[in-house]
Amino acid sequence: MEKLLAPAHRILEQNWKGGFTIPTSKLYPFQWNWDSGFITLGHYYNDPKRAIQELTSLFSGQWENGLLPHIIFHSETEKTYFPNYDFWKANVNAGAPIRPKTSGITQPAVHGFILENLLHRNPDDAEMIAFVKYIFPKMVHYHRFLYTYRDPFKEGLMFIFHPWESGRDNSPLWDESMNRINVKAGDLPAYQRRDTSIADPSERPTSAQYDRYVYLLMLGQKYKYDGAEIAKESPFLIQDDMMNAILIRSNQSLIRIGKRFGFDVAELEEWQSQSIKSFNAKCWNEKLQTYVVYDLRGEKQVEHREIGGIVPLFAGIPNEKQAAALHGYLADLHKRNFYLCPSFDVDSSLFDSKRYWRGPIWPHMNWMIYHGLKEYGFHDTATILRSDTLEIVEKFGFFEYFESQKAIAANLTKGFGGDNFSWTASSVIDLIHNP
Ligand code: GLC
């Protein structure tokens, strides 16, 4: 597997744009929030300074209210992406930076645990320590945004009002909520998608789905992206299990880092104690024996097995029995000749093994679940997960996502979506170095 290292580093090098890294050329030509977090893991092995620069550029897009946007548009002349900064109009919010331009929504808060991971590699490095002290308050401010503006009932669980915030853009999880949106002629400004002329349309969201994404974007814009009216009006209002699990995991890291460097962590500890309790109360589904997302608008759980429901393993949230159930689900999929971990329930009629978040494998998701399995002592399945991830990249290339059914994959020569993908490269580098 060592032979994957050189091409992986080459991809990170190619996608490095002097200060930040794009996920892949053409399809995603700017800096994406959680991609950047995972990307630093790989950069660190070649050049720790780049890992620091990557996070510094990302946080240069942070808003005064603490929001860390999902896209930072470092270039204003690059026009091949929709929705671009001029469509988001983030500056309707007075606290959005004038430069760099940004989007108006967020993505999973991976940065706390990423920072701890980097610090752990070289705990006494003076440059790293100086960086940690600089970035720590910004990360806490980001979490404060989530618990202030995205938690109207003060439950310790943040909501999202757009599927893109979840990082799992077109998962079937969102279908029911998205179907509440009826876009009528004249509701939306005219727009032209760019993704379908770059990638295979059969691997991308449909146009009806896209109209609804744009509808929610406009709703956010109407309320300056942080107004309380968003929660009152949005047809899509979800407490995502994965985003909250990631936030909890990053809280843990920030608490440990804060204690080491003498920061006040009382606020983080308060969020944390409330979050874990609410998480288990609202997101565990006894019938399915997995975590699920909670639909705040419909006031009910969304009852689907899905990859986000396994991520709480990585945050140490499940008790032993819950962890065993999550592990059993993965072990069974392996026996049934699937690569680990399909992004959606393979037995559901909504499963689609080649369309984006409706079934394929995503390497950075595997990275989190791999570490979660190890922390709970499920070493055999962790090893399978790691070798599946390395195997698909070796066989099919450094793509964005991959076929999950081994029988179908046997007839394929490549993965899906964008090629030379940064977080795929980065996850591979770290899984090889840090087994
Ligand atoms: C897609 C993915 C999202 C990712 C982005 C850039 O929108 O769904 O998770 O951050 O691409 O890679």
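The values are calculated or read from the model by the stated rules, or taken from the named source; none is laboratory data. Keep in mind that this is a model prediction, so the values were computed, not measured. A quick note on method: Cβ atoms are made from the backbone with ideal geometry, for glycine too, and the neighbour counts reach across all protein chains shown.
Applying a threshold of 6 Å to beta carbon distances and a minimum spacing of six or more residues, or different chains, the list of pairs starting in the stretch 15-28 at a residue that is under 17 Å from PHE59 (Cα atoms) and within 12 Å of the ligand (Cβ to nearest atom) and ending at one that is among the aliphatic types (A, V, I, L, M) and assigned to a strand (DSSP E or B) is empty. Of the candidates PRO123, PRO137, the single residue that is under 22 Å from GLN274 (Cα atoms) and surrounded by fewer than 15 Cβ atoms within 10 Å (Cβ to Cβ) is PRO137. Among residues that are surrounded by fewer than 16 Cβ atoms within 10 Å (Cβ to Cβ), in contact with a Phe, Trp or Tyr (Cβ under 9 Å, 6 or more places away or on another chain) and not charged (D, E, K, R), PHE261 is included. When the stretch 340-384 is filtered for residues that are within 16 Å of the ligand (Cβ to nearest atom) and not in a helix (DSSP H, G or I), the ones remaining, listed by number, are CYS341, PRO342, SER343, PHE344, ASP352, LYS354, ARG355, GLY359, PRO360, ILE361, TRP362.
Total residues in the stretch 49-63 satisfying the condition of being within 16 Å of the ligand (Cβ to nearest atom), of a type outside the set (A, V, I, L, M) and out of contact with any Pro (no Cβ under 9 Å at 6 or more places or on another chain): the figure is 1. Filtering the stretch 173-189 to residues that are surrounded by fewer than 23 Cβ atoms within 10 Å (Cβ to Cβ) and either within 16 Å of the ligand (Cβ to nearest atom) or on the phi > 0 side of the Ramachandran plot (or both) leaves ASP175, MET178, GLY186. Note on the stretch 152-172: residues that are more than 13 Å from the ligand (Cβ to nearest atom) and touching a strand residue (DSSP E or B) at 6+ places or on another chain (Cβ under 9 Å) amount to 6. In this structure, is ASN93 closer than 25 Å to GLN62 by Cβ and away from the ligand (no atom under 16 Å from the Cβ)? Against the criterion (closer than 25 Å to GLN62 by Cβ and away from the ligand (no atom under 16 Å from the Cβ)), ASN93 qualifies. No other residue among TYR329, TYR339 is touching a helix residue (DSSP H, G or I) at 6+ places or on another chain (Cβ under 7 Å) and not assigned by TED's automatic domain parsing to the domain that holds VAL110 apart from TYR339. Considering each residue of the stretch 40-48 in turn, none proves to be within 16 Å of the chain's Cα centre (by Cα), within 14 Å of the ligand (Cβ to nearest atom) and β-branched (Val, Ile, Thr). Within the stretch 212-233, the residues that satisfy the criterion of being under 23 Å from HIS304 (Cβ atoms) and either crowded, with 23+ Cβ neighbours inside 10 Å or at pLDDT below 95 (or both) are ARG212, LEU216.
When ASN434 is tested against (1) modelled with pLDDT of 95 or more; (2) away from the ligand (no atom under 16 Å from the Cβ); (3) of a type outside the set (Ser, Thr, Tyr), only condition (1) is not met.
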